[in-house]
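Shown next, in structure tokens, is the structure this report addresses.
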Amino acid sequence: MHDISIIRTDPVKFDNSLINRGVEPCSKNIISKDVEKRKAQTLLQQLQAERNSLSKEINILKSKNLDV
């Protein structure tokens with residue numbers, strides 16, 4: 001298993017180590033997938049925060065006996 005932070009900080013070294021083992025270099029693919037994953041995680045966190053905020057708002061309205 002490889003550490004993604006090492007691949008991010010020094011992709012050339014990572015690729016060179018793969019070449020030395022006879023494997024095709026792939027740091028660009030790994031980094032692009034990592035960027036996609038991080039964007040998806042950020043979006044997920046934003047949507048969860050919005051859901052939590054709306055849930056709190058609904059609970060406040062219910063506690064005041066207002067129709068939601």
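The values are calculated or read from the model by the stated rules, or taken from the named source; none is laboratory data. Just so it is clear, the model here is predicted, and its values are computed rather than measured. Ideal geometry is used to build each Cβ from the backbone, glycine not excepted, and the neighbour counts take in all protein chains shown. Areas reflect the complete protein model, heavy atoms only, side chains present, ligands, DNA and RNA absent. Shrake-Rupley method; radii C 1.70, N 1.55, O 1.52, S 1.80 Å.
Annotation for the range 18-33: no member residue is within 30 Å of His2 (Cβ to Cβ), touching a residue at least 24 places away in the same chain (Cβ under 8 Å) and not hydrophobic (A, V, I, L, M, F, W, C). Applying the selection to the range 5-23, what residues are on the phi < 0 side of the Ramachandran plot and out of contact with any helix residue (DSSP H, G or I) (no Cβ under 7 Å at 6 or more places or on another chain)? Correct list: Ser5, Thr9, Asp10, Val12, Lys13, Asn16, Ser17, Leu18, Ile19, Asn20, Arg21, Val23. Considering the range 3-68, the qualifying helices (runs of 4 or more DSSP H), each wholly inside and each with 3 or more residues that are open to solvent by 60 Å² or more (accessible area, probe 1.4 Å) and not polar (S, T, N, Q), run over 11-20, 27-63.
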